[in-house]
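The values are calculated or read from the model by the stated rules, or taken from the named source; none is laboratory data. Note that the structure is a prediction, hence the values are computed from the model and not measured. Here Cβ is always computed from backbone atoms with ideal geometry, including for glycine, and neighbour counts include all displayed protein chains. To get the accessible areas, we keep the full protein, side chains included, count just its heavy atoms, and leave off ligands, DNA and RNA. Shrake-Rupley method; radii C 1.70, N 1.55, O 1.52, S 1.80 Å.
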Amino acid sequence: MRALPALAVLLLLAGCADPEAPAEVAPADRPAPAVAAESGGGAEAAVPGRPAPAFTLVGTDGAERSLADYRGQTVVLEWLNYDCPFVGKHYGGGAMQALQAQAAADGVVWLSVVSSAPGEQGHFEPAAMDARTESEGGRQAAVLLDADGAVGRRYGAVTTPHMFVVDADGTLVYNGAIDDTPTTDPADLATATGYVTPAIAAARAGRPADPARTQPYGCSVKYGDGA
């Protein structure tokens with residue numbers, strides 16, 4: 001893991017355009033901190049090896065989609081904020097679209113979840129979100145809107161991007177970063193070690209991912225005041 005110079009870290013923090021919710025630039029090789037489940041009881045919700053939290057969300061096309069709808073298929077959940085520069089690295093460099101296209105070719109369902117609250121960075125009404133996805137060249141199966149942040153909190157999604165992989169039985173296989181290089185520079189994509197592709201392979205093979213948990217990095221999810 002390369003160390004980030006102090007000036008670079010300051011520039012990254014400034015790039016997420018929210019002084020109250022700075023970018024997360026923690027290394028991606030440590031376990032993520034525990035996040036309380038929305039259902040209470042103090043237990044962590046999205047834990048590899050356990051059932052993935054159930055949800056139902058409305059997509060930008062107006063159709064409801066539930067995680068249970070995809071039982072029997074591997075599912076990738078990508079927490080999305082197009083205006084986050086960390087997300088911009090992966091879309092601007094074409095890496096995210098390539099992952100999405102390969103997933104679709106392999107029969108994997110890729111769902112992007114937007115938990116930005118109304119008025120916060122990354123929130124768009126459905127038509128505007130579709131236009132943005134088209135301009136970015138997104139290849140996901142659907143963009144799901146989580147404006148109240150309930151699903152994001154249930155999963156403990158803390159950054160954009162934050163990635164989850166669920167196997168055909170509904171078990172969470174992976175929770176964490178998209179790769180091991182927490183920068184906004186597309187040039188770093190060439191040398192980064194990706195975590196999502198091997199996690200998908202593990203899910204399809206019915207075995208645990210290695211690693212199954214990493215520290216996500218990116219801009220903080222722009223939850224509303226109640227988050």
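Shape descriptor for the stretch 103-145: Rg over Rh equals 1.02 (Cα atoms; Rh from the Kirkwood inverse mean 1/r). For residue 58, what is the net charge nearby, where nearby means another residue's Cβ is under 11 Å from its Cβ and Lys, Arg count +1, Asp, Glu -1? Residues near residue 58 contribute -2 overall.
Given points 7 Å out from each Cα along the Cα-Cβ axis, report the residue 127 to residue 190 separation in nanometres with one decimal. Between residue 127 and residue 190, the label points sit 4.2 nm apart. For the stretch 115-179, the alpha-carbon radius of gyration amounts to 1.22 times the rule-of-thumb value 2.2 N^0.38 Å expected for a compact globular protein. Electrostatic tally near residue 115: other residues with Cβ closer than 12 Å to its Cβ, Lys and Arg +1, Asp and Glu -1, net -1. Accessible area per residue (1.4 Å probe, heavy atoms of protein chains only) ranks 180, 83, 225 as 225, 83, 180, with the largest value leading. Over all alpha-carbon pairs of the stretch 85-202, lay out the pair-distance distribution in 10 Å bins, whole %, shortest bin first. Each 10 Å bin holds this share of Cα pairs: 12, 44, 38, 5. Which far-off residues, 5 or more places away or on another chain, put their amide H under 5 Å from the one on residue 219, with H placed in the peptide plane? Those qualifying (amide H under 5 Å, at least 5 residues apart or on another chain) are 24, 86, 87, 160.
The distance linking the stretch 202-222 with the stretch 105-184 is 13 Å (Cα centroid to Cα centroid, whole angstrom).
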